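The values are calculated or read from the model by the stated rules, or taken from the named source; none is laboratory data. If you're wondering where the values come from, they're calculated on a predicted model, not measured in any experiment. All Cβ positions, even for glycine, are placed from backbone atoms using ideal geometry, and neighbour counts span all protein chains on display.
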Amino acid sequence: MRFIFPALFVGCIVSFSPMNAQTGGVKAKEQPSNTKEVGRRQFGQATETKQITQVETNGKSFQLDENDPYQGRKEEFLSNLTVKELPADFPKYDKSYGVGGYNTLVDQFYMTHQDILVESVRRKMASMSQQGQQK
């Protein structure tokens with residue numbers, strides 16, 4: 001009798017463990033986020049996941065793609081330039097930069113290539129450089 005209860009207890013734990021492994025156990029309350037996973041494809045054992053982050057810049061909302069060389073913002077950049085294609089020396093995104101670091105690189109590119117900027121962006125860059133000199 002004394003061995004029956006521990007045996008039942010161990011049996012219950014063993015039988016419920018595979019169920020929790022399949023369902024992921026108790027799920028925590030999901031936190032709202034502006035990052036979502038899309039484009040999940042399964043190839044045998046490996047899974048490919050594409051990270052996209054929703055970011056608002058200058059009143060416009062963009063979905064940032066960390067796997068794209070321009071963060072999925074090519075159209076935004078082209079709208080700031082007078083050319084139809086991004087120049088070869090336009091900075092490419094690397095995950096180690098982060099959003100702020102990449103934006104700094106893009107601003108530096110704009111500062112050095114003012115001849116191909118649209119007028120509104122050129123004025124913005126000029127005011128940014130004046131503010132930087134005043135500090």
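Could you grab the pairs with beta carbons closer than 7 Å, sequence gap of 6+ or different chains, first residue in region 115-133 and in a helix (DSSP H, G or I), second one surrounded by 10 or more Cβ atoms within 10 Å (Cβ to Cβ) and aliphatic (A, V, I, L, M)?
Ile116/Leu81; Ile116/Val83; Met125/Met111; Met125/Leu117; Ser129/Met111
In region 71-83, which residues are within 17 Å of Arg122 (Cα to Cα) and exposed (fewer than 14 other Cβ atoms within 10 Å of the Cβ)? Write out each step before concluding.
Initial filter on region 71-83 (within 17 Å of Arg122 (Cα to Cα)): 76-83.
Of everything in region 71-83, those that are within 17 Å of Arg122 (Cα to Cα) and exposed (fewer than 14 other Cβ atoms within 10 Å of the Cβ) turn out to be Ser79, Thr82, Val83.
Please work out which residue is farthest from Asn67 (Cα to Cα), limiting yourself to region 80-135 and to residues that are in contact with a helix residue (DSSP H, G or I) (Cβ under 6 Å, 6 or more places away or on another chain) and among the hydroxyl-bearing types (Ser, Thr, Tyr).
Thr82
Those residues that are of a type in the set (A, V, I, L, M) and at pLDDT 60 or above, I need them from region 42-100; list them, please. Spell out the reasoning first.
If we filter region 42-100 for residues that are of a type in the set (A, V, I, L, M), which is where we start, we get 46, 52, 55, 64, 78, 81, 83, 86, 88, 99.
Within region 42-100, Leu64, Leu78, Leu81, Val83, Leu86, Ala88, Val99 meet the criteria.
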